[in-house]
Amino acid sequence: MELLQSGLKLRQLQVFREVLRTGSTRKAARSLGISQPAVSQHVKQLEATVGITLFKRSANRIVPMQEAWELLRNIELALTSLDRLEASIFAMKNEERPRIAIAAPSVFGFVTLPRVVAIIHSRTASNVRSISGSYDQIGEHILAGRADLGISRLPLDPQLFEWAPLGSARNVCIFHPDHRFSKQSRIEAHDLAGETIVDIDPQFAAHQMNFNAMRFAGVEPNILVEFDCNGHEAGYVSAGLGISITNEIIAREYAAFHLCARPVEPSALYHYVAIWQKGRTFSNALNVSLEAIVAAFAPTMSAAA
C-alpha cells in the first residue's frame, strides 16, 4: 500500500515485465507501441519508486539483475490477473462466449487436443483457443496470461507453476510397418547401423542421448533429415524414408499414420503434466478443461484409440 501511495504505477510494471520478456528496451518498445526513451523512463521511474537497482547499464544496454527477476516473480500473478480481467470485460461487452486457451506442443493437435475440445464442447459453453510452442514457450504462454492451461514436461519451477500428472513415457523407435524392426521386441543402439534416421534438432536432449548411445556402440548416425519440433517426423517415417526416436506419449499422436513402435534402449523417462500459473483461481469451465486434459491422456482412452 505504501508503494502505491508513493507513486508505483501499473504502466511501469507492465513496461518492466515486457523488457524482461523481450530482452531489450528496443524490443519492448516495439511490442508496446511506444518509444524506446519512454520505456527507459518507465524503468527508471520504477527503480526510483521501489528503491532498488533492477538493471545493470552498459554500452547502451540494460541487463536484468537478480532483483529484477525476483520482482517479476512477485508481480507476475497480479499482472496476469489484470490481463485476464481486461479480456473478460472485453468479452462481456461484446457478448462473447468464454474462451479457454490451452498451450501445447503442436504434435498434440493430432489426437489429444481434439479429444480435449470434444469434452469441453460437450460440457461447457466455452470455445477453445489452441496455442502451440516448445516446452519453454508453453511456460511463457502461461505466465504471460496468453494461455490458461498447458501441456508440458517436468522439470518445472514450483514457484511459478502448479501441475497435475498426465503420464510418463520412455523412448520408442517409430518405423514403417514393412520395416525389419517389426520382427524385434526392442531396438538397441547397434540395431541402427545402416539405418537412415529422421532426427530432431541437435540442441534437444533426446538427440544427444540417442546419438551418444549409437557412437558408444560403434555406430555412426546416418541422418537423412532433421526436424525442429515433434510431429514432423511422422510424415517422413510414414513415407518409408527412415526411422525416428521419440517417446511413447508422442508416438500415440501418430495413430493416423499407422506406424509401428518398439522400445529403445538405453531410454530416458519423460513426465508429462498439465500446468497452470501458481495461485490461479479456477472457474467451472477451467476445472472441466483440466479434467478433459487428464482424461485425454488416460491409458484407457489411449488404448481405445
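On the basis of the beta-carbon distance and an R0 of 41 Å, A193 and L154 show a calculated FRET efficiency of 0.80. Full extension of the segment from T281 to R26, taken as 0.36 nm per residue of separation minus the current Cα-Cα distance, would add 88.4 nm. Taking Cα atoms only, the orientation of helix 112-123 departs from the longest principal axis of the chain by about 60 degrees. Close amide H pairs (under 5 Å, H built 1.01 Å from N) link V273 with S152, R153, L154, L166, residues at least 5 positions away or on another chain. Placing +1 on the Cβ of every Lys and Arg and -1 on the Cβ of every Asp and Glu, with nothing else charged, gives the chain a dipole about its Cα centre of roughly 880 debye. Full extension of the chain between E265 and R11 gives 86.1 nm of extra length, using 0.36 nm per residue less the Cα-Cα distance. Karplus-based coupling profile of region 234-247, in residue order and whole Hz: 4, x, 5, 5, 4, 7, x, 8, x, 10, 8, 10, 9, 10, with θ = phi - 60° in 6.51 cos²θ - 1.76 cosθ + 1.60 and x standing for Gly or Pro. Remark: the M209-R186 segment gains 6.6 nm on full extension, using 0.36 nm per residue and subtracting the alpha carbon distance. Once the C-beta distance of Q66 and A295 is scaled by a Förster radius of 35 Å, the resulting FRET efficiency is 0.30 to the nearest 0.05. Using a probe of 1.4 Å on the protein chains alone, the accessible area found for Y236 is around 90 Å². Computed from the C-alpha gyration tensor, the three semi-axes of the ellipsoid equivalent to the chain are 42, 26, 15 Å, from longest to shortest. Since only S267, A104, F227 are under comparison, the one whose Cα sits farthest along the positive direction of the charge dipole of the chain, derived from C-beta charges on Lys, Arg, Asp and Glu, is A104. Karplus-derived 3J(HN,Hα) values for region 126-142, using 6.51 cos²θ - 1.76 cosθ + 1.60 with θ = phi - 60°, are 7, 9, 10, 10, 9, 10, 9, x, 6, 4, 5, 5, 4, x, 5, 4, 5 Hz; glycine and proline are entered as x.
Rolling a 1.4 Å probe over the heavy atoms of the protein chains gives the chain an accessible area of 53 Å² per residue. Annotation: for a label point projected 7 angstrom from Cα along Cα→Cβ of E140, residues of region 45-69 with backbone N closer than 17 Å are 64, 69. Near V128, the amide H atoms lying under 5 Å from its own belong to I100; only residues 5 or more places off or on other chains count, and H is placed 1.01 Å from N.
The values are calculated or read from the model by the stated rules, or taken from the named source; none is laboratory data. This structure is a prediction, so every number in the text was calculated from the model and none was measured. FYI the Cβ positions are ideal-geometry reconstructions off the backbone, even for glycines, and counts take in every protein chain you see. Heads up: the accessible areas ignore ligands, DNA and RNA and are worked out on the full protein's heavy atoms, side chains in. Shrake-Rupley method; radii C 1.70, N 1.55, O 1.52, S 1.80 Å.
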